[in-house]
Amino acid sequence: MCGIVGYIGKRQAAPIILDGLSKLEYRGYDSAGIAIFDGEKINVSKAVGRLRVLQEVTHGGETMPGLAGIGHTRWATHGEPSNVNAHPHTNTAGTIALVHNGIIENYIALKNRLISKGYEFKSDTDTEVVPQLIDYYYKGDPLEAISKALHRIEGAYSFGIIFKDHPGEIYAARKSSPLIAGISEEGAFIASDVPALLKYTRNIYYIGEEEIVRLAENEIHFYDSDCEELTKEPVEIKWDQDAAEKGGFDHFMIKEIYEEPRTVRDTLMPRLKNDEIFIEELGMDDEEIRAVGKIHIVACGSAYHAGVTGRYVFEGMARVPVDVDIASEFRYRNPILDETDLVIVISQSGETADTLAALRESRQRGCKVLAIVNVVGSSIAREADRVMYTWAGPEISVATTKAYSAQLIALYLLALKFASAKGTIDSTELHSYIEDLKRLPDQIELLLARQKSIQRFANRYVGAKDVFFIGRGIDYAISMEGSLKLKEISYIHSEAYAAGELKHGTISLIEEGTLVAAVATQKDLYSKTVSNIVEVKSRGAFVLAVTNEYNTDIEKVADYVIYLPETASWFTNSLAIIPLQLFGYYVSVGKGYDVDHPRNLAKSVTVE
Ligand code: F6R
C-alpha cells in the first residue's frame, strides 16, 4: 500500500528515489510519481502502471535533475489510478509538492473550505487538499505551516513534502501510517519501509505519531505537532538486503515458502530453554496467566486465520475461552471486554489500520494487549503493551506464507504456556508437545521436497472456475487459509467451508469435476470428514485430500492424496499449509500471473 521515498543530498535524487521505490514495490500499487527540485522549480513526473513505466518516462531519472525530491507508488483509494490522481500533488502555484500514504477522512470539508477561498483542484484524491492547506498556512516557515495543517487534518497519513523556497530541506510527518528516516554520508532519506534505505544505512529512525521531520543534506530533526524539537535514537537493522531480494527464486512467494523451516525454527527455538517454554515478552507469571478470564484474538486476513487456529488450540489445550474477531468488525461492534481479558492482536506488517485501531480500542477499555508482530518497530509493536515477535524476516510477497507459519508457532507457544500454567496439561505432555514442535522444521522440509507432485497437480487445475476447501475444527481453520492463498493469487473463485455445513446449502454448487480440497488431519473428526468427502464425490467432485500419513484408507474415497508427517493434532496446520501454499503458488504461475503482486492487493493495508 502506497510507498514513499524522499532524498536530499550530494547525489542526483531521482535515480535514488526510483531505486528506493522499486524496493517498496511489494507493498502493491497502481501508479507512481516523483517530484524533484531542479534548483529553480519543482518538476513532477507521473505514470500509471508499474514503476518501470515511470523509469522509462524519466530515463531512469536522468530527465529529472536535482539533489532533492520525493517519490511515491500509489494504491488508489479516492479516484481511479490515473496521472492526475497519482502523487506527488502540488499547490496551485506548484511551489509545494507532497506525497501521502493513508486517508484524509475530512478532506471533503477541507476541500470545500479551500474552494470557498479560491483554491482550485485537479484530482479526485483526498490528498490534494494537503498541499493546498499547507499553502494556505504558509508564510515562509514550512514547519509552522505543516503543523497548522496537521491540526486540521483527520485520518491517517505519512507525508513527504518539498518546498520550492526551501531547496535544502525535505519535510515529513506521520500519523497511523508507517514512515522512517535515515541519514548517511550520501544524504538524508525518508521511506515507508526499511528495504528502501538499507543500501545507505542500517540506522533507522522510526517517526512517532503526529511527529514532523525536517531533513537537510547532513541533518535530521524531529518535532512534535506543536513544533517542539524532540530527540530520537536510531534503531539498528540487523537483517541483510539479501533477505529482501529473490536469491535465485522466480518469485518472492516461493522463496518465502522455502524459508518456512527456518522461520519456524527462529520463532520457536529462542523461546525453548531446557525443554521449558519461556516467553519473557508476555510479561506474565503463572498466577497472572491463571487470572486471565478470556482471550480475544483480533487480526485481518491470513493473520485472522492464524487466530482461528489459535482459538482451537487455546481452548482445547488450556481450556480458556477465546473469541476471534476480524479487526474491522471488532473495532465497530462495541465488544464486551473485561479488564481481566487479554487481547492478542496478530499482524505481519504491524501497520494494518484496522488491527491498530482494534489495539487502541482494547487499550482504551483497560485491556492489556499482546501483539504478535513480524516487523520490528512497527506501529502495532510500538503501541501494544507487550510484543512477541515472529522472527520471519522481511516478507515481500503480497500473499503471506512464512509470516503466517511463524504466527502459528507463536500461538502454539502461548497456548502451551497457558496450559501448563493452568495445569490443563502435565509436564510429560508438555515435553512431548515441545518435541513435536521441534520436529516441525524438518517435517516442513520433507513436504517442500515433494513440491514437484504438487506442481503437477496444480497444472491440471489452472483452468478451474471454483474450488472448495473443506475441513472440521482445526482443519476448517487451515481450509480458510488454503482457500485465501488460492483465490488471492490465481483469481479462481474459492471458498472454505466447515465440512459439516456443506449440506446446508453449498453442496448444491458441486457438479461434475468441481475440485474439493478436503483437509482431514484431526483424529477425532477424521471419519466425519471422510463422510463429507463421500457426499461431494457422489455429486461428481474431484477430491484432493490432505491427511496424516497413516490414513491410507482415504484413497478409497479421494482422487488425489497428500500425506503429512505425524505430529500432535494441535500442530497439523503447520504442515497442512505447505502443500496448500504450494498449490496456490503453482496455479498462479501456471496461469502466468504476477504472483508477488496480485491485482488490487497491497502488502500492508494502512487504510481502513
Ligand atoms: C493474505 C495476506 C493478508 C494479510 C492481512 C493482514 O495473503 O497477506 O490477508 O494477512 O492483510 O496483514 P498483517 O498481517 O500485515 O496485519
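The values are calculated or read from the model by the stated rules, or taken from the named source; none is laboratory data. Predicted model only: the values in this text are computed from it and were never measured. Cβ sites come from the backbone with ideal geometry, for glycine too, and all protein chains shown count toward neighbours. Each accessible area value is taken on the protein alone, full model and side chains, heavy atoms only, with ligands, DNA and RNA left out. Shrake-Rupley method; radii C 1.70, N 1.55, O 1.52, S 1.80 Å.
Scoring E80 on the criteria (1) surrounded by fewer than 16 Cβ atoms within 10 Å (Cβ to Cβ); (2) of a type in the set (D, E); (3) not in a loop (DSSP other than H, G, I, E, B) leaves a single failure, condition (3).
Name the residue that is farthest from the ligand (Cβ to nearest atom), counting only residues in region 287-304 that are open to solvent by less than 20 Å² (accessible area, probe 1.4 Å) and within 17 Å of the chain's Cα centre (by Cα).
Going through region 287-304, the residues open to solvent by less than 20 Å² (accessible area, probe 1.4 Å) turn out to be 289, 292, 295-299, 302-303.
Checking the rest, the ones that are also within 17 Å of the chain's Cα centre (by Cα) come to 297-299, 302-303.
Details: I297: 13, V298: 10, A299: 6, S302: 3, A303: 4 Å.
Once the filter is applied, the top-ranked residue is I297.
Summed over region 398-415, the residues that are more than 16 Å from the ligand (Cβ to nearest atom), hydrophobic (A, V, I, L, M, F, W, C) and crowded, with 24+ Cβ neighbours inside 10 Å give a count of 2. Checked against the criterion of being in contact with a helix residue (DSSP H, G or I) (Cβ under 9 Å, 6 or more places away or on another chain) and under 24 Å from L564 (Cβ atoms), the candidates A419, A327, A357 yield just one match: A419.
Residues of region 238-267 that are farther than 26 Å from R439 by Cβ and touching a residue at least 60 places away in the same chain (Cβ under 8 Å): W239, A244, D250, H251, F252. The set of residues in region 138-177 that are of a type in the set (D, E, K, R) and touching a strand residue (DSSP E or B) at 6+ places or on another chain (Cβ under 6 Å) comprises K164, E169, R174, K175.
If you go through region 544-570 and keep only what is open to solvent by 30 Å² or more (accessible area, probe 1.4 Å) and in contact (Cβ under 8 Å) with a residue 60 or more places away in the chain, you end up with Y560, S569, W570. Please find, within region 112-147, the residue that is surrounded by the fewest Cβ atoms within 10 Å (Cβ to Cβ) out of those that are of a type in the set (K, R) and farther than 29 Å from L21 by Cα. The qualifying residue surrounded by the fewest Cβ atoms within 10 Å (Cβ to Cβ) is K139. Every test in (1) modelled with pLDDT under 95; (2) open to solvent by 40 Å² or more (accessible area, probe 1.4 Å); (3) in contact with a strand residue (DSSP E or B) (Cβ under 7 Å, 6 or more places away or on another chain) is passed by G283 save one, and that test is (2). Taking the criterion of being assigned to a helix (DSSP H, G or I) and surrounded by 14 or more Cβ atoms within 10 Å (Cβ to Cβ), the only residue of region 270-280 that qualifies is R271.
For E608, the test of being of a type in the set (D, E), more than 16 Å from the ligand (Cβ to nearest atom) and over 14 Å from L486 (Cα atoms) is failed.
Considering the conditions (1) within 13 Å of the ligand (Cβ to nearest atom); (2) open to solvent by 20 Å² or more (accessible area, probe 1.4 Å), G350 is excluded by exactly one of them, (2).
Looking at T552, T514, T567, which one is closer than 27 Å to N459 by Cβ and out of contact with any Gly (no Cβ under 8 Å at 6 or more places or on another chain)?
Working: T514 fails: out of contact with any Gly (no Cβ under 8 Å at 6 or more places or on another chain); T567 fails: closer than 27 Å to N459 by Cβ.
It is T552.
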